[in-house]
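In what follows, a single structure is set out as structure tokens and then discussed.
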Amino acid sequence: MKSRSLLDSFRFALDGMVHVIRTQRHMRYHLVLTMAVIGLSVLLRVTKVELILLVLVIAMVLLAELFNTAIELAVDLVTEHYHPLAKVVKDVAGAAMLVATLASLAVGAMIFLDRPRLRALIAGGSLHTPANILHVLLAAAVLIAILVAVTKVRGGKGTLMRGGVMSAHAAIGAFLATTVYYAGGGALAVGAAALLALLVCQSRVEAGIHTVREVILGAVAAVAVAVLMFEVLSGGNGGR
């Protein structure tokens, strides 16, 4: 058997993720919930330890869904007819998914239902602690990555690495340009970043990989997410 390169392994892993997102609605639900959790983590100013716990339980749930799908496919490959043991295998895999989900809900509840944070938020006051710029950046990057991936897969056009109804390259360029603005970059730095973002968009169109509509959609989505994270969820103190 021919050995795979690291790039091949990465591409095959992306193909597997595409299949799961496209065929498993529960995975799409998990990704939407992931976006909500990441947004809340910025809004409620979770600590570094709490953020690490959230990342771990999110990864645990997504991994459980991936393994559950792989097990179901393997069982279906082995037998096309009903078999009691096949049902047990699928049920056990589903039970593992349930345990991971319940554990993540418990961790999320303990972190997000912290009374001082909720009281301050409900009262309309300040959470007093400024948003961590690294936290905001990572959260925004995760939101954009999920948004682009789901849009590409659900659109049924292109792959995660090439083509699709939304340009990932345009989204990255627009996000970086917006980040430079919120990081307090001067007019020259912001202008240069915006120009680079435009050049990236142009290159995708000229190469025939994306249409003008697709690069605009990617750029607008990235800017919207960046503004949401920096201006709304972080209270306008995400970097400026």
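Ignoring ligands, DNA and RNA, what accessible area per residue does the range 30-119 give at 1.4 Å, in Å²?
Dividing the accessible area of the range 30-119 by its residue count gives 62 Å².
Please give the FRET efficiency for Val92 paired with Ser5, using the beta carbon to beta carbon distance and R0 = 41 Å, rounded to the nearest 0.05.
Details: r = 35 Å, r/R0 = 0.85.
Using R0 = 41 Å, I get an efficiency of 0.70.
From the backbone phi of the range 20-25, what are the Karplus-calculated ³J(HN,Hα) couplings (6.51 cos²θ - 1.76 cosθ + 1.60, θ = phi - 60°) in whole Hz, Gly and Pro given as x?
Running phi through 6.51 cos²θ - 1.76 cosθ + 1.60 with θ = phi - 60° gives 5, 5, 6, 9, 10, 5 Hz.
Rounded, prolate or oblate: which fits the range 1-97, taking a ≥ b ≥ c as square roots of the Cα gyration tensor eigenvalues, rounded meaning a/c under 1.5, else prolate when a/b beats b/c?
oblate
With a Förster radius of 25 Å, plug the Cβ-Cβ distance of Glu80 and Tyr29 into 1/(1 + (r/R0)^6) and report the FRET value to the nearest 0.05.
For Glu80 and Tyr29, the calculated efficiency is 0.35.
Which shape class, rounded, prolate or oblate, goes with the range 1-44 when its Cα gyration tensor gives a ≥ b ≥ c as root eigenvalues, a/c under 1.5 marks rounded, and past that a/b bigger than b/c marks prolate?
On the way: a/c = 6.44, a/b = 2.09, b/c = 3.09.
Judged from the Cα gyration tensor, the range 1-44 comes out oblate (a/c at least 1.5, b/c at or above a/b).
Name the aspartates and glutamates eligible as straight-distance cross-link partners of Lys87: C-alpha to C-alpha under 15 Å, and not fewer than 8 places from it in the same chain.
The qualifying aspartates and glutamates are Glu72, Asp76.
FRET efficiency for Leu113 and Glu206, Cβ-Cβ distance as r, R0 = 35 Å, nearest 0.05?
0.10
First compute the accessible area of the range 1-66 with a 1.4 Å probe, then give the percent of it belonging to carbon and sulfur atoms.
Of the solvent-accessible surface of the range 1-66, carbon and sulfur hold 72 percent.
In whole Hz, what ³J(HN,Hα) sequence does the range 186-203 give by Karplus (6.51, -1.76, 1.60; θ = phi - 60°), x for Gly and Pro?
x, 4, 5, 5, 5, x, 5, 5, 5, 5, 4, 4, 5, 5, 4, 4, 4, 5
The values are calculated or read from the model by the stated rules, or taken from the named source; none is laboratory data. Small disclaimer: the values here were computed from a predicted structure and weren't measured. Glycine also receives a Cβ, built like all others from the backbone with ideal geometry; neighbour counts cover every protein chain displayed. To get the accessible areas, we keep the full protein, side chains included, count just its heavy atoms, and leave off ligands, DNA and RNA. Shrake-Rupley method; radii C 1.70, N 1.55, O 1.52, S 1.80 Å.
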